[in-house]
Amino acid sequence: MGSIYKRGNTHWIQYYRHGKPHRESTKSKKEADAKRLLKKREGEISEGKLPGIYFDRVRFDELAEDFLRDYRINQRKSLARAKRSAGHLKRYFEGYSVPNINSPKIEAYIESRLKEDAANATINRELSALKRMLNLGARQTPPKVDRVPYIPMLKESNVRKGFFEHAEFVALRDALPDYLKGFVTFAYKTGWRVSEITDLEWNQVDLDNGIVRLDPGETKNDDGRTVYLDDELQGAFNHQWELRKESRKLTPYVFPNRYGTGYIGDFRHSWNVACKDAKIGKRLFHDFRRTAVRNMVRSGIPESVAMKISGHKTRSVFDRYNIVNDADLRLAAQRQEHYLQTQIDTISSTVHDFGTKKEVNQNG
């Protein structure tokens, strides 16, 4: 049984858990408040829960560090993004105890980030990080979080939809420096992520058989990937190999930088200049990823195979990249018209044949 006592004018309570006494200030001068808190603590203990005082001692900073440690231990490739999200959250929640991280405070955080003109998608990544922190805390033994509050997510309407038509790609490639031409051709045809191409090494290439491989753990989703080179890409890879031999700079990278000394780093200046010279407007390298998906589907490649080539693991993201433009819609209308006209012709032919047979029977 617990007890109530006073220190000065403030009421304190004492209760027992696993035979050990615990004392807690009610921060109130009213005995009724002390009775309510004591009853609450005894109820928590009887249900096998930790008393709320334990969760009061856990601060946001501790949850954030546990979150980043989990990323480091599991060697997650998005650690840099996780650090950015944790940094934004820390500006607002630093020093907060777990019980004070509730839905109203989270909504206030969302409002403050919107006032800073943060994109909905960016805020959602930060809210996902917060939810992960709280869930990790709840799974600890003993738990650091007693309950995970409701965390509202914002509607994302800023999905990028840029892609290249073939003539635009050719114009861009012609305007780029020579060391980037094979690099962008491979991106345009496979839809691989930029880091997957910049990190591609010759020990991942079977040049004789025209095969490029990414082993499990080398991709964003950790799945392995195999791509067979078509004639154009085979030629591009052969060219890269010859350049490597001629330069005598034995860099391991298939697509080295301008000087042939290492991987391709920041090429934004060359990219922006080429976009301007090609007169195609501002484009993103990531547009190649969307373009490759669309081109593969248009060419009749089964979607499951296209996903294996581009490295899309989930169907929802793949569908988002499989962009439909006005030409696709126009072609769909033409195909539907052709189909319906075929049905009309079939019905007319059937009616004509039936009428002819009836006439023959009557004249029999």
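Observations
- Among the candidates 37, 89, 63, residue that is without any contact (Cβ under 8 Å) to a residue 40 or more places away in the chain and of a type in the set (A, V, I, L, M): 37
- Region 214-243: number of residues that are touching a strand residue (DSSP E or B) at 6+ places or on another chain (Cβ under 9 Å) and either modelled with pLDDT of 90 or more or not assigned by TED's automatic domain parsing to the domain that holds residue 187 (or both): 6
- Scanning region 232-250 for residues that are of a type in the set (Asp, Glu) and within 34 Å of the chain's Cα centre (by Cα) yields a single hit, 232.
- Against the conditions (1) over 18 Å from residue 98 (Cβ atoms); (2) modelled with pLDDT under 85; (3) touching a strand residue (DSSP E or B) at 6+ places or on another chain (Cβ under 6 Å); (4) of a type outside the set (Gly, Ala, Ser), residue 4 satisfies every one except (2).
- In region 13-30, the residues that are touching a strand residue (DSSP E or B) at 6+ places or on another chain (Cβ under 8 Å) and under 21 Å from residue 46 (Cβ atoms): 13, 14, 15, 16, 21, 22, 23, 24, 26
- Segments classed as helices (runs of 4 or more DSSP H), wholly inside region 247-310, with at least 1 members that are modelled with pLDDT of 80 or more and over 15 Å from residue 180 (Cα atoms): 268-278, 287-298
The values are calculated or read from the model by the stated rules, or taken from the named source; none is laboratory data. Computed from a prediction, not measured in an experiment: that's the story for all the values here. Using ideal geometry, Cβ is built from the backbone for each residue, glycine included, and neighbour counts are taken over all protein chains shown.
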